[in-house]
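**Student:** Structure in structure tokens, see below.
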Amino acid sequence: MLSLFVYQETNCQCIRLDGPIQLDQISIFQRQEHWIVQAGSITRRLGLSQPVSIEGRIFILQKETWSMVFLQEGFIGRNQAAQYCWNSTLLSNVHAKLIQDVKGWSLEDCQSKNGTYVNGKRIQRVSLKDGDQVCMATVRFFFFSSFLYLNHEIETKAEIPYVNRRGLIPWTKHSLTLKDDPELFEMEVELPIPTFPMRKASLFATLGSSLTIVCSSCSMALLLYLTKPEQIEQVQTMLYTSASMFFAFALFGLLNRRSQNKDNAKEQQEAKEKYLLYLQDKSAEVWAMREAVLKSMHATKNACTTFHEASFGRNYPIWIGSVSQPWLAIKHSSISYLQKNDELIVALEQQSQHWQQAILKNQFLEENACNVFDGRDGFLLFTQWLWTHPDSQHKWIWLSNRLSKEHRVFAFPYCQIGNQRLLACSKEEWERLEKNLDRKYSYTIFSTLAINPWSKPCTWIDAQNAKFSQTTVDFRSLLEHTQASVRPNFLVCTPFKPWDTNTCTLKVPIGWDEKNHLIHLDFHDGKQGPHGIIAGMTGSGKSEWLTSVLMHLILRNSPERFQYLLVDFKGGAFGQAFYAFPHCAGMVTNLDRQSIERWMLSMEAELLSRQEKLQNFLKEAPSHIAHIDAYNAVHTKAISHLFVIFDEYAEFKSQFPGCAMRVKEMARIGRSLGIHLLISTQKPLGVIDEQIWANSNFQVCLKVNSEADSKEVIHDPRAAHLKQVGAFILHNNQSWQEGQGFWLQEKLLDKAHPDVYELDDNDQIIFAHKVPQKNLLEVCSAWIGQQHAKRHWVLQPNLDETTKVDQLLIVDDPQHQKQCEFTLEKGKVAFIYWENQNDLEVFVHSCMAYFKNEVLLCMGDSSFDMYVDARIDAFSEIGQEEGTLFVFTPSKDLYKPYRNPRMRILYFISQPWLNIHTLADCFLALAWNDLNQVRTFFNQMKIPKIDKPQYGLFQCKADLLTFYIPKRKPRKRKVSHKKAEAFVLGRSVDAQERVEWKRENPLLILYVQKSCGAWIEKLLQQWLTIHPLLDVQYDFSQLADITICSLPESLNHIQTSALYQANQYDYDILWVGLGLADYTYLIKRKCPYTQNGQFVYWTNQTMVEGNYV
């Protein structure tokens, strides 16, 4: 579409070029393929985007391509950093600025060279209203409350994004499958087998044979009597026989008649029941087909009638109403005239009428055709059409006496041809307008006048009689429609409301239904709680659903009223984000198997504690009931509602079936105690126990693999057909509600700290500071972390997380829900069992560092002598000192009940014996492999497993508790019980004096000859017998006492090692053998001119040449 911009000093015009135009004395016309401007004798040819000046006016020809962009505050201009950027030389770098304040939107000119024009007038700053036309050089747009309607495409660069730039949404063809006329389905139904009224057999047929036999016998008896009267006795016998035969045959006939009647009636009844079952199966099939058709049409209608970002630019058709239409045809063979009144045939005809009930079909605006409407919904239809995909070849004509040509709808080019607005307020105006209409366009005519507006073939639709919303909606409210249809991803109050410690809110929103209404779930006992089951396949959004529900509960409740305990068997991926919150009472993962038993002991203690509180409450107030709500209504210090949340319950049950039995007990007795179970699993079939099912009042099912899984959870197959991630179906009290869950990962724009760009004098970006955006979960977490609320643990955290530096060791007591410090008083004796030397050194070093301000004595192992004040060989050597004695010996003879009120004594044993538990005050065991030895040590058979370093077992009365000891560096020794031997290298070449390494600096040994390596290893063996704890390394991975390098293999490693470069002048260096002259650059020390000895040794600023001893 070509448009002509005409600018003067204070005003401008924008004219659509459909034909020649006359402006005062200036003519604009087309010659061949070019447009010409002529004023008198002056003639100029117009080129695209090329300004032409004639008689004080500037003419600019521009090809316009219309599109929409969402409205945001920012700059307009040529600068790459501008919010709306066009690469046009007629625009200034920063041409104008869109500003939003409390009064609304305004536009300010930024001292641009070519000016800014609103509604044809040049402005400096002006408030904008819906429908205002803004012109800047070749740029033109219409302003609306939520978007700009532009005649250009905006240029963007990914490397220079501006504040939350959303940019243009391209026009794309929708992928929606539309069926204006739903397919007429055909279904064949079998007719019942013909049945006829059952007739009983006649009495003659039943008794005829009996009567015949009687008559025959009587006739023979009569004949015999007449011919031979003397044989009267034989005649009597024949009569008796005939009578008996008559009664026998008559009885048999009657019984047979009755049996046949019963059999026939039974067969007919069975056939009738089978056919009725057949009709029931067909009915289920028909309603499933009908539901699928209605669901498809409903989804199509929603997609086409909802203003949301997903439909913007999708070219959806315009929905204009619904029409009743049949959808199913029943086919069967012809019915015989004898069957018309049959009971089954009547049932089939009634069922067929029920199946064939008409449905409402969608009716859409016909594309590339003329559509006429009679109703009041024109603005809504126009807005919907404008939102989805306006077509420049389609025009809207308005026939109404309630509109004027100044109405903002006529600012759109789709409501005008050239400069003529497509409005007629009477029949006469319409007749004149119709004559000038160009038939190359397709039209939509919206009429409120009592006239037939179109004489040509067209589609006429009565919008008032169609089942269509009669709400009058102006396009100026497009923003409101858009915001209302886009569902918020999470409902939060900003700023957040402080927690109320006196109330507990367990009714929270869990998602949106199809009508954008909130779906709430109330976890209170007696409502929809307390327990529930959440099911869904991998990727369906179970964890995200739990995250949003849990976040709603946290934001609404204080830690005194609401707590949760996480059982996360996905490695802590779900629970880690919530572990730091004060509401968290503990977390268990499949990565820490030992914590499962601790969790069960802690939960048993928690249940027992709550039961005792309610029992005491009943004693205080017998009129109340033993329920958490009744208790909290009376007491200031309330009992919190504790949610136990399982993620991947199937994994939990398969690995810990014994613990799953205890979960059933929680479901059974936790209702009145304020214990809530939320169990999440992928496939509940065979996983969830019957007791848990019986105590779960609600079920939430997300997308599952099959209809069988859906029926198992919610007794309905619909969850298998869910499409969206996070879509769910809530089942509660035989009711089902479908919804869409929240999404907490959405990024939020920080308006208080927007991106900042620094420009040079030429308006070029020289520095860009971009503020990272936070998502909803991060924002909520930051606010919760600022509350500094006190936390009450049900399951104490791992010992290595809570141990402080000033504590000797921490003992975990899950049965009492506490962790306490272990201290050994003076005069007490402790036995410590050990197997691994590293565990022993960690424990001893930590104890020595903890008791650093006391006198430390050692007996037995000499490897710890350098860390103690004195070493003794017998208890009799202990004087009046007060401190700690470390005893290392495998001998049983030493373990006597020796005690000293001034000393605490720690015995370290590796081979326990029977009755050892009678000799000490406390017993500790470090990590072990020999279970029988530990059983002997503790004199118990049931030993908990410990598989973590720095962990062990502590015996407290009859219980075995876990302890943790932190790593500490032991103090330097005060007094040595013997003088340490020197580290001798050899003797000097000149004075023949002994050369020693005094260990003041780390030693670096270098050599080239392979034969020298054996001497170095022998030297190290001698030194390690003097000091076994010497740290020897063969590279520079860490700073060691002695570092040995063989050249040239280690040359590159030495030159590139950051550790060596940082400490090269702090080393004492020993060069062994020949080859020194080739590597003097590497040593960076003064070297002899000629090498006279077997080695050269540098220490501090001294160089010595020497020979081996």
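The values are calculated or read from the model by the stated rules, or taken from the named source; none is laboratory data. Keep in mind that this is a model prediction, so the values were computed, not measured. When we count neighbours, we look across all protein chains shown, and the Cβ atoms used for this are built from the backbone with ideal geometry, even at glycine.
**Student:** Would you mind finding the one in Phe59, Phe29 that is in contact with a Pro (Cβ under 8 Å, 6 or more places away or on another chain), under 22 Å from Val134 (Cβ atoms) and among the aromatic types (Phe, Trp, Tyr)?
**Tutor:** When all the criteria are applied, what remains is Phe59.
**Student:** Quickly run through the stretch 664-699 and pick out the residues that are among the polar types (S, T, N, Q), touching a residue at least 60 places away in the same chain (Cβ under 8 Å) and under 25 Å from Arg610 (Cα atoms).
**Tutor:** Across the stretch 664-699, the qualifying residues are Ser672, Asn695, Ser696, Asn697.
**Student:** Going by the structure shown, is Met551 hydrophobic (A, V, I, L, M, F, W, C), surrounded by fewer than 19 Cβ atoms within 10 Å (Cβ to Cβ) and under 18 Å from the mean Cα position of the chain (by Cα)?
**Tutor:** no
**Student:** I need the full set of residues from the stretch 1028-1043 which are farther than 15 Å from Leu985 by Cα and either in contact with an Asp or Glu (Cβ under 9 Å, 6 or more places away or on another chain) or not assigned by TED's automatic domain parsing to the domain that holds Trp1071 (or both), in order please.
**Tutor:** Within the stretch 1028-1043, Leu1029, Leu1030, Asp1031, Val1032, Gln1033, Gln1038, Leu1039, Ala1040, Asp1041, Thr1043 qualify.
**Student:** Here is a further query. Please determine, by comparing only the residues of the stretch 585-609 that are surrounded by 23 or more Cβ atoms within 10 Å (Cβ to Cβ) and under 25 Å from the mean Cα position of the chain (by Cα), which one is farthest from Cys780 (Cα to Cα).
**Tutor:** Out of the qualifying residues, it is Val588.
**Student:** Of all the helices (runs of 4 or more DSSP H) wholly in the stretch 1046-1109, which have at least 3 residues that are under 60 Å from the mean Cα position of the chain (by Cα)?
**Tutor:** 1051-1056, 1058-1063
**Student:** Here is a further query. Applying the selection to the stretch 411-435, what residues are under 22 Å from Leu23 (Cα atoms) and in contact with a strand residue (DSSP E or B) (Cβ under 9 Å, 6 or more places away or on another chain)?
**Tutor:** Passing the criteria: Ala411, Pro413, Gln416, Ile417, Gly418, Asn419, Arg421.
**Student:** Quick check on my filter: what residues within the stretch 931-949 are free of Cβ contacts under 8 Å to residues at least 60 places away in the same chain and aromatic (Phe, Trp, Tyr)?
**Tutor:** Phe938
**Student:** Keeping to the stretch 486-507, report how many residues are modelled with pLDDT of 85 or more and under 18 Å from the mean Cα position of the chain (by Cα).
**Tutor:** Count: 0.
**Student:** When you look at Glu514, is it over 24 Å from Gln796 (Cβ atoms), out of contact with any helix residue (DSSP H, G or I) (no Cβ under 7 Å at 6 or more places or on another chain), acidic (Asp, Glu) and modelled with pLDDT under 85, yes or no?
**Tutor:** yes
**Student:** Exactly one condition in (1) within 23 Å of Gln682 (Cβ to Cβ); (2) not in a helix (DSSP H, G or I) is not met by Pro559; state its number.
**Tutor:** With (1) within 23 Å of Gln682 (Cβ to Cβ); (2) not in a helix (DSSP H, G or I) applied to Pro559, the lone miss is (1).
**Student:** Restricting to the stretch 967-998, give me the number of residues that are more than 59 Å from the chain's Cα centre (by Cα) and at pLDDT 80 or above.
**Tutor:** Summing the residues that are more than 59 Å from the chain's Cα centre (by Cα) and at pLDDT 80 or above in the stretch 967-998 gives 14.
**Student:** If a residue must be hydrophobic (A, V, I, L, M, F, W, C), crowded, with 20+ Cβ neighbours inside 10 Å and part of a helix (DSSP H, G or I), how many such residues does the stretch 696-727 contain?
**Tutor:** Qualifying residue count, the stretch 696-727: 3.
**Student:** Looking at (1) of a type in the set (Gly, Ala, Ser); (2) modelled with pLDDT under 85; (3) more than 54 Å from the chain's Cα centre (by Cα), which is the one condition that is false for Ser1011?
**Tutor:** So Ser1011 meets the others, but not (2).
**Student:** Could you say which residue among Leu553, Leu565 is in contact (Cβ under 8 Å) with a residue 40 or more places away in the chain and part of a helix (DSSP H, G or I)?
**Tutor:** Answer to the check: Leu553.
**Student:** Follow-up question, since we're still on this one. Mind listing just one residue for me: the one in the stretch 639-693 that is of a type in the set (Lys, Arg) and either touching a His at 6+ places or on another chain (Cβ under 7 Å) or under 18 Å from Leu566 (Cα atoms) (or both) and, of those, surrounded by the fewest Cβ atoms within 10 Å (Cβ to Cβ)?
**Tutor:** Result: Arg662.
**Student:** Let me ask something else about it. Going through His635, His731 one at a time, which residue ends up being more than 27 Å from Ala573 (Cα to Cα), buried (at least 17 other Cβ atoms within 10 Å of the Cβ) and assigned by TED's automatic domain parsing to the domain that holds Leu607?
**Tutor:** His731
**Student:** Write out, first by first residue and then by second, each pair whose Cβ atoms fall under 6 Å of each other, whose residues are 6+ apart or on separate chains, and whose first residue, in the stretch 327-341, is over 30 Å from Val293 (Cβ atoms) while the second is surrounded by 14 or more Cβ atoms within 10 Å (Cβ to Cβ).
**Tutor:** Cβ pairs passing all conditions: Gln339/Ile345.
**Student:** Is it the case, given these coordinates, that Ala927 is touching a residue at least 60 places away in the same chain (Cβ under 8 Å) and either touching a Ser or Thr at 6+ places or on another chain (Cβ under 6 Å) or under 17 Å from Ser846 (Cβ atoms) (or both)?
**Tutor:** yes
**Student:** Hand me the list of strands (runs of 3 or more DSSP E) wholly inside the stretch 768-865 holding 1 or more residues that are surrounded by fewer than 16 Cβ atoms within 10 Å (Cβ to Cβ).
**Tutor:** Hits in the stretch 768-865: 818-822.
**Student:** Across the stretch 114-155, what is the number of residues that are closer than 13 Å to Leu98 by Cβ, surrounded by fewer than 17 Cβ atoms within 10 Å (Cβ to Cβ) and modelled with pLDDT under 80?
**Tutor:** 0
**Student:** Considering only residues of the stretch 1017-1043 that are touching a strand residue (DSSP E or B) at 6+ places or on another chain (Cβ under 6 Å) and of a type in the set (Val, Ile, Thr), which is nearest to Glu841 (Cα to Cα)?
**Tutor:** It comes out as Val1032.
**Student:** Would you please name the residue that is surrounded by the most Cβ atoms within 10 Å (Cβ to Cβ), looking only at residues in the stretch 186-213 that are modelled with pLDDT of 70 or more and among the β-branched types (Val, Ile, Thr)?
**Tutor:** Only one residue fits best here, namely Thr206.
**Student:** Then there's this: Would you check which residues across the stretch 1013-1050 are buried (at least 16 other Cβ atoms within 10 Å of the Cβ) and among the aromatic types (Phe, Trp, Tyr) and list them?
**Tutor:** Trp1015, Trp1023, Phe1036 - these are the residues of the stretch 1013-1050 that are buried (at least 16 other Cβ atoms within 10 Å of the Cβ) and among the aromatic types (Phe, Trp, Tyr).
**Student:** Taking the criterion of being within 20 Å of Trp793 (Cβ to Cβ) and either modelled with pLDDT under 90 or assigned by TED's automatic domain parsing to the domain that holds Ala719 (or both), would at least one residue in the stretch 539-550 satisfy it?
**Tutor:** Within the stretch 539-550, one or more residues are within 20 Å of Trp793 (Cβ to Cβ) and either modelled with pLDDT under 90 or assigned by TED's automatic domain parsing to the domain that holds Ala719 (or both).
**Student:** Going by the structure shown, is Leu251 loosely packed, with under 15 Cβ neighbours inside 10 Å, farther than 30 Å from Ile335 by Cβ and aliphatic (A, V, I, L, M)?
**Tutor:** In short, yes.
**Student:** Moving to a separate point now. Pick from the stretch 728-740 the residues that are free of Cβ contacts under 8 Å to residues at least 40 places away in the same chain and not in a loop (DSSP other than H, G, I, E, B): which of them is nearest to Met537 (Cα to Cα)?
**Tutor:** Result: Ile729.
**Student:** Could you look through the stretch 28-51, keep only residues that are surrounded by 15 or more Cβ atoms within 10 Å (Cβ to Cβ) and of a type outside the set (S, T, N, Q), and pick out the one that is farthest from the chain's Cα centre (by Cα)?
**Tutor:** By that ranking, first place goes to Ala39.
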